[in-house]
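A short write-up of the structure that comes next.
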Amino acid sequence: MIYLYSFLFAGLMCLIAQIILDNTKLTPGHVTSIYTIIGSFLAYIGLYPKIIKTCGAGATSIIINFGATLYDGAYSGLKESGLIGVFTGMFSKSSAIITATILFGVLMGLLLNPKN
Amino acid sequence: MASRKLKNIYLHHHYAIAGLTENNHVLKNVLYLKDYYCGMRSIEECEIRMNEIVLNKLISDHTKLVIGGNLDNQLTSLSYALANRNLGYLGIYTACATFVEGIIIGANMASNEDIIVITSSHNLVSERQFKYPIEYGSPVKLSATFTTTGCVGAILNKEPSKLKVESYTIGNVIDYNIKDVSNMGAVMAPSAYETIKKHLKELKRDISYYDLVLTGDLGKYGLNILKDMFKEDNTNTDNLYDAGSMLYPNDQKKAGGSGPVCLPLILFNKILCKKKYRRILIVGTGSLHSKVLVDQKHSIPSISHAVSLEVLK
């Protein structure tokens, strides 16, 4: 069942993003930012961990999860070392995502040229 | 006065390069590129290379001046192509009206020596310049025109040939408060309308005087807007065509071609090959925006210049 939920959740989020892109002036940059903020908000109200439990990789592989991990990192930082922990902890859990993005971006830039 | 009749100004042979998307049996006698790089390291270098190839074909001992421009920052692709060539150079910019502006300036300076009027555009370069770099993957709207890749140069002087530059009209900058970068046809149609009206009024002609009125790069939707504007003053628009909307006839996803190279490509490599029309009015339409000002929510001004050509027998 988790496979089906995973497919449905990630597919639904991508569908909404596509509808936004097709019908507004927003660019992919805007949409990913909006999704990140939504992810942080869902983590704040405690909903996102439940979604991850039911949908598995369908919930962890999309950009909303990045917002949720930002919130998680900042919150555990706050608990450990107070206000300064928000700043030091913000990227602690999402550092793998950021490093991977930069690394693969550089790799693709080195290997391939943009075509039309 | 912004309109003027000319005596003894002629356009001679030309040379044209087009990209691979334009290789769809519309154009004749064009050198097509095989990719967006033509053997160079970057897209900008490719555009410089295109300018160099065209210049090498056109420059002779009689050449004294090159007038031209393109859509790059600081007109780099032409400036770099002209380095150390011992030729006078006037760089001009009115976006997609550049070629027509080049003919107007050249016609006022013409002598028995050759003046080369040249323009180029590159799809990926102008996507980066005016919208988003292609790597960003921003979706394209159906009303958006597709910047043509290519480079066209032509020789202008006073020696008689079969193509006479008969008169011209310099346009005004028009701003109808349109802010949509994806709808350049709507931005430029009003300026094309104003310039054609001005040309006909100042030279006391009717639109039926011309066998063909060819606008630059309005695209399908822009051409419809222009036709509607003429319909309101009961002007017949049967002879009104748009170069941009002729360029990709089988591609429903593109509203048409755009870029300064669009008009000369269609004029030299399609219209004049047919030998069907005698009096032709070409109207270069340019949108004069920058990405910075569009991001600051400013509207987009536009300009059109018209040149009347006569095909002699």
Check your understanding: What residues qualify as long-range amide H neighbours of B:Ile92, i.e. H under 5 Å apart, gap of 5 or more or another chain, H built at 1.01 Å from N?
Key -> B:Gly68, B:Gly69
Practice item. Report which residues of the range B:27-46 become buried by 50 Å² or more of accessible surface when going from the isolated chain to the complete set of protein chains (1.4 Å probe; DNA, RNA and ligands ignored). Key: B:Tyr37
Exercise for review: Sort B:Asp61, B:Asp206, B:Asp242 from largest to smallest accessible area, using a 1.4 Å probe on the heavy atoms of the protein chains.
Suggested key: B:Asp61, B:Asp206, B:Asp242
Review point. In terms of the Cα gyration tensor, with a ≥ b ≥ c the square roots of its eigenvalues, is the range B:244-313 rounded because a/c is under 1.5, prolate because a/b exceeds b/c, or oblate?
Key: oblate
Review point. Where the centre of each part is set by its Cα atoms, how far does the range A:1-46 sit from the range B:1-34, in angstrom?
Key: 47
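Of all DSSP beta bridges in the range B:62-184, what percent run antiparallel (nearest 5)?
Looking only at bridges with both residues in the range B:62-184, the antiparallel portion is about 40 percent.
Given the rule -39500 (n - 2.57) for each run of at least 4 DSSP H residues, summed and divided by the residues of chain B, what is its mean residue ellipticity at 222 nm, to the nearest 500 deg cm²/dmol?
My calculation for chain B gives -8500 deg cm²/dmol from helical runs alone.
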Review point. For the range B:118-236, what log10 I(q)/I(0) values come out of the Debye formula at q = 0.12, 0.20 1/Å, with one point per alpha carbon and no solvent?
Key: -0.60, -1.25
Review point. Got a sec to turn the phi values of the range B:105-117 into Karplus ³J(HN,Hα) couplings, 6.51 cos²θ - 1.76 cosθ + 1.60 with θ = phi - 60°, whole Hz, x for Gly and Pro?
Key: 5, x, 5, 7, 10, 5, 9, 7, 8, 7, 10, 9, 9
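Would you mind counting up the charge near B:Lys164? Only other residues with Cβ under 13 Å from its Cβ, with Lys and Arg at +1 and Asp and Glu at -1.
Taking every other residue near B:Lys164 into account, the sum is +4.
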Study note, to complete from the structure: Taking the alpha-carbon centre of each part, the distance from the range B:146-179 to the range B:204-244 in Å is 16
**Study point:** Qualifying trypsin sites (Lys or Arg not before Pro) in the range B:216-299, DSSP loop, other Cβ atoms within 10 Å at most 16
**Key:** B:Lys253, B:Lys275, B:Lys276, B:Arg278, B:Lys297
Point to revise | Antiparallel DSSP beta bridges within the protein assembly as shown, as percent of all bridges there, nearest 5 | key: 60
Point to revise | Solvent exposure, largest accessible area first (probe 1.4 Å, DNA, RNA and ligands not counted), of B:His199, B:His13, B:His298 | key: B:His13, B:His298, B:His199
Check your understanding: Roughly to the nearest percent, how much of the accessible area of the protein assembly as shown is carbon and sulfur, given a 1.4 Å probe?
Key -> 59
Practice item. For B:Ser167, list long-range residues whose amide hydrogen, built 1.01 Å from N in the peptide plane, is under 5 Å from its own amide hydrogen. Key: B:Leu6, B:Ser308
Check your understanding: Can you give the accessible area per residue of the range B:1-48, in Å², using a 1.4 Å probe?
Key -> 58
Check your understanding: Which ³J(HN,Hα) values in Hz, rounded to whole numbers, follow from the phi angles of the range A:73-89 under the Karplus curve 6.51 cos²θ - 1.76 cosθ + 1.60, where θ = phi - 60° and Gly and Pro get x?
Key -> x, 5, 5, 5, x, 4, 5, 6, 9, x, 4, 5, x, 4, 6, 6, x
Practice item. With an 8 Å cut-off on Cα pairs and a minimum separation of 6 or more residues, tell me the relative contact order of chain B in percent. Key: 25
**Study point:** Estimated [θ] at 222 nm from DSSP helical runs (n ≥ 4, -39500 (n - 2.57)) normalised by residues in chain A, nearest 500
**Key:** -26000 deg cm²/dmol
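Give me the Kirkwood hydrodynamic radius of chain B in Å, from all C-alpha pairs, to one decimal place?
Mean inverse Cα-Cα distance, inverted, gives 19.2 Å.
From largest accessible area down, sort B:Ser302, B:Ser138; use a 1.4 Å probe on the protein chains.
Ranked from most to least accessible, the order is B:Ser138, B:Ser302.
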Review point. Taking Cα pairs under 8 Å and at least six residues apart, what relative contact order does the range B:202-313 come out at, in percent?
Key: 29
Check your understanding: Roughly how big is the A-B contact, given as buried accessible area in Å² (both sides, 1.4 Å probe, nearest 100)?
Key -> 1000
Point to revise | All Cα pairs of the range B:70-145, percent lying beyond 22 Å | key: 36
Check your understanding: Charges only on Cβ, +1 for Lys and Arg, -1 for Asp and Glu: so what's the dipole of chain B about the Cα centre, in debye to the nearest 20?
Key -> 780
**Study point:** Alpha-carbon Debye profile of the range B:161-313, log10 I(q)/I(0) at 0.14, 0.15, 0.16 Å⁻¹
**Key:** -0.65, -0.75, -0.85
Practice item. For A:Lys93, enumerate residues with amide H under 5 Å from its amide H, sequence gap 5+ or separate chain, H modeled in the peptide plane. Key: A:Gly73
Study note, to complete from the structure: Rounded to the nearest 10 Å², the 1.4 Å probe accessible area of A:Phe41 is 120
Check your understanding: Hey, what's the per residue convex hull volume over the C-alpha atoms of the protein assembly as shown, in cubic angstrom?
Key -> 180
Revision key, fill the gap. Among residues of the range A:101-116, a drop of 30 Å² or more in 1.4 Å probe accessible area, assembly relative to the chain on its own, occurs for A:Asn113, A:Pro114, A:Lys115, A:Asn116
Exercise for review: Excluding residues on the same chain fewer than 8 positions from B:Lys291, give the aspartates and glutamates whose Cα lies under 15 Å from its Cα.
Suggested key: B:Asp72, B:Glu127, B:Asp180
Study note, to complete from the structure: Sorted on mean Cβ neighbours within 10 Å (highest first), peptides B:162-170, B:304-312 come out as B:304-312, B:162-170
Study note, to complete from the structure: Taking every DSSP bridge whose two residues both lie in the range B:168-313, the antiparallel percent to the nearest 5 is 65
Exercise for review: Could you give me the radius of gyration and the Dmax of the range A:14-116, taking only the C-alpha atoms into account and expressing both in angstrom?
Suggested key: 15.9, 50
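The values are calculated or read from the model by the stated rules, or taken from the named source; none is laboratory data. Given the structure is predicted, the values throughout are model-derived calculations rather than measurements. Every residue, glycine among them, receives a Cβ derived from its backbone with ideal geometry; neighbour counts consider all protein chains shown. What goes into the accessible areas is simple: the full protein's heavy atoms, side chains included, and nothing from ligands, DNA or RNA. Shrake-Rupley method; radii C 1.70, N 1.55, O 1.52, S 1.80 Å.
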